[in-house]
Amino acid sequence: MCQRCGLGRLCLCSEMPVITTSLEFLVVRHVREARKPSNTARLAAAAIPRCRILDYGARGQPFDDTPLRRDAWLLFPPELDGNGVETGRHPIVTDRSAPLPEAIVVLDGTWGQARRMSHRIPALGRMPRVALAAPDQPPPRLRQATTPEGMPTIEAMARLLERLEEATQAQLLHALHGEFVRRSRTERGLGGGVNA
């Protein structure tokens, strides 16, 4: 498996675009995601020079959240209590409620892992949160989302770029993800085009 793109014989590193963004992305990746061939944070970091991965949860290694202590928004789905009401733990960012931050923090893992990280990492405490609505028609993915708003990290980053009117960068990221899914499915002998 290529350590840069996560593919094997169909490695796409020679065709990797360079995607420049106005914002920096800080991806907090659960350590269990690091070796999964379906992990898309690795792919995003390979294509976006201003994307950095911080691995969380390594046994015996405390997580240093210093890089997160800055002007940043947390990209995270709505957080509801048992009654379906927003918890209010994070102030919610709307398109016009605040100037753009220096960085966007993205949590990379299963829904359960991401939710636990959002509670356990002190710097995320009351960081303003930006959420994306569930897509009407999800594109092909390698893993099924466990929540309607759940999506691969690279797809969430692309959709946020769309929302922030960086359309060209978003299209490049969507195309890269689509090609990654197609090649991954081919390598696994699954064919292409439908959700796994």
Any chance you could give the angle, 0 to 90 degrees and rounded to 10, that helix 153-163 forms with the longest Cα principal axis of the chain?
70 degrees
Formal net charge of residues neighbouring ARG32 (Cβ-Cβ distance under 14 Å; K, R +1; D, E -1):
+4
Given a cut-off of under 8 Å on Cα pairs at least six residues apart, what relative contact order in percent is computed for the chain?
24 percent
Alpha-carbon radius of gyration plus Dmax, which is the widest Cα pair, for the chain in Å
16.3, 49
Angle check, please: helix 167-187 long axis (alpha carbons) against the longest principal axis of the chain (alpha carbons), in degrees 0 to 90, nearest 10.
50 degrees
Restricting to segment 60-196, what percent of DSSP beta bridges are antiparallel, rounded to 5?
10 percent
Relative exposure of VAL181, VAL85, judged by other C-beta atoms within 10 Å (fewest first)
VAL85, VAL181
Return the percentage of antiparallel bridges among DSSP beta bridges fully within segment 17-121, rounded to the nearest 5 %.
5 percent
For the peptides 122-128, 136-142, what is the packing order when you average, over each peptide's residues, the other Cβ atoms within 10 Å and list the highest mean first?
122-128, 136-142
If one takes the longest principal axis of the Cα atoms in the chain, at what angle in degrees, from 0 to 90 and to the nearest 10, does the Cα axis of helix 111-120 lie?
40 degrees
Kindly put MET117, MET16, MET151 in sequence by how many other C-beta atoms sit within 10 Å of each C-beta, fewest to most.
MET16, MET117, MET151
Whole angstrom only: what separates the Cα centroid of segment 10-52 from the Cα centroid of segment 124-167?
15 Å
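Read-outs throughout are calculated quantities, based only on the coordinates presented, and are distinct from any laboratory measurement. None of the values given here were measured: they were computed from a predicted structure. Note: ideal-geometry Cβ built from the backbone for every residue, glycine included; neighbour counts use all protein chains shown.
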